[in-house]
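Peer 1: Have a look at the structure that comes next, please.
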Amino acid sequence: MSTSKPPDSSRPAAWHITPMNPAEAPWPLLLLADPSREKVKRYLPGSTCYAARQTAQFTPSGLGALIGVCVLQPPQPERDSWELMNMAVSPSWQRSGIGSALLHHAIGELRKRGIKQLAVGTGSFGDQLLFYQRLGFRVSSIERDFFLRNYTTPLWERGVQLKDMLRLTLAL
């Protein structure tokens, strides 16, 4: 078990979270979490997005460089809850609390809207599964051979091919 020091409140945060227009979502980050450009193109329009932005790095918009993204999709005909479709943090910023902060922010916003449940689909093992379970998500179903049917290129994690998708849900 690891422990972390509380943030130093005397220093300004190196990053902050803002709403983001889905059309401005950064493809390099989106493709880290979902390597199918076609799938991302299908779920991105109409989604609600949040961005983690580096505070210290100047950009023409003045908002800061994008270092993380969270994409939420409202209920669709085939499902009745909101779904986390994409969550990615720039590799150089991973393991710094940005992913957890993005997801906590998104959950807070959904709660304000009165949303009762958030779902996410992920591989049946690996760091992503542990990440969601640490935040309170619970396995609700298994979709066998999801990654075999839905991706033309095999997906691998730690030398093992992803085949089944676990659907996890979080009661809000």
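Peer 1: Return one whole number: the accessible area per residue of the range 54-172 in Å², for a 1.4 Å probe.
Peer 2: Numbers: 6730 Å² over 119 residues.
Counting only protein heavy atoms, the per-residue value for the range 54-172 is 57 Å².
Peer 1: Then there is this: Under 19 Å Cα-Cα from Lys112, which aspartates and glutamates qualify once same-chain neighbours fewer than 8 residues away are excluded?
Peer 2: Cα-Cα hits under 19 Å: Asp80, Glu83.
Peer 1: Relative to the longest principal axis of the C-alpha atoms of the chain, give the angle of the C-alpha long axis of helix 98-112, reported between 0 and 90° and rounded to the nearest 10°.
Peer 2: With rounding to tens, the tilt is 80 degrees.
Peer 1: Let me ask another. Sorted by mean Cβ packing within 10 Å, highest first, what order do the peptides 142-150, 66-74 take? Don't skip to the end; give the middle numbers.
Peer 2: On the way: 142-150: 13.2, 66-74: 22.9.
Output ranking for 142-150, 66-74: 66-74, 142-150.
Peer 1: Then there's this: Given points 7 Å out from each Cα along the Cα-Cβ axis, report the Ser100 to Lys41 separation in nanometres with one decimal.
Peer 2: Reported label-point gap for Ser100 and Lys41 is 3.7 nm.
Peer 1: For the chain, which whole percent of the accessible surface, found with a 1.4 angstrom probe, sits on carbon and sulfur atoms? Show your work: numbers first, answer last.
Peer 2: On the way: 5490 of 10310 Å².
Using a 1.4 Å probe with all protein chains present, the chain comes out at 53 percent carbon and sulfur.
Peer 1: Still on this structure, I have one more. What's the FRET efficiency of Thr152 with Trp27 using the Cβ-Cβ distance as r and R₀ = 22 Å, to the nearest 0.05? Intermediate values should be presented prior to the final figure.
Peer 2: Working: r = 18 Å, r/R0 = 0.82.
Rounded to the nearest 0.05, the efficiency is 0.75.
Peer 1: On to the next question. Can you return the aspartates and glutamates within cross-link range of Lys163? Criterion is Cα-Cα under 17 Å, with same-chain partners fewer than 8 residues away left out.
Peer 2: In chain and number order, the partners are Asp34, Asp127, Glu143, Asp145.
Peer 1: Could you sort the peptides 29-36, 75-82 by per-residue average Cβ neighbour count (10 Å cutoff), highest mean leading? List each step's numbers first, then the result.
Peer 2: On the way: 29-36: 17.2, 75-82: 12.5.
Going by the mean number of other Cβ atoms within 10 Å, highest first, we get 29-36, 75-82.
Peer 1: Let me ask another. With a 10 Å radius around each residue's Cβ, average the other Cβ atoms per peptide and rank 94-107, 15-28, highest first.
Peer 2: On the way: 94-107: 17.3, 15-28: 14.4.
Listed from highest to lowest mean packing, they are 94-107, 15-28.
Peer 1: When only C-alpha pairs under 8 Å and at least 6 residues apart count, what is the relative contact order of the chain, in percent?
Peer 2: Numbers: 278 pairs, mean separation 29.1, N = 172.
Rounded, it is 17 percent for the chain.
The values are calculated or read from the model by the stated rules, or taken from the named source; none is laboratory data. Just so it is clear, the model here is predicted, and its values are computed rather than measured. Heads up, the Cβs are rebuilt from the backbone with ideal geometry, glycines too, and the neighbour counts pull from every protein chain shown. Calculation scope for accessible area: heavy atoms of the full protein, side chains included, ligands and nucleic acids excluded. Shrake-Rupley method; radii C 1.70, N 1.55, O 1.52, S 1.80 Å.
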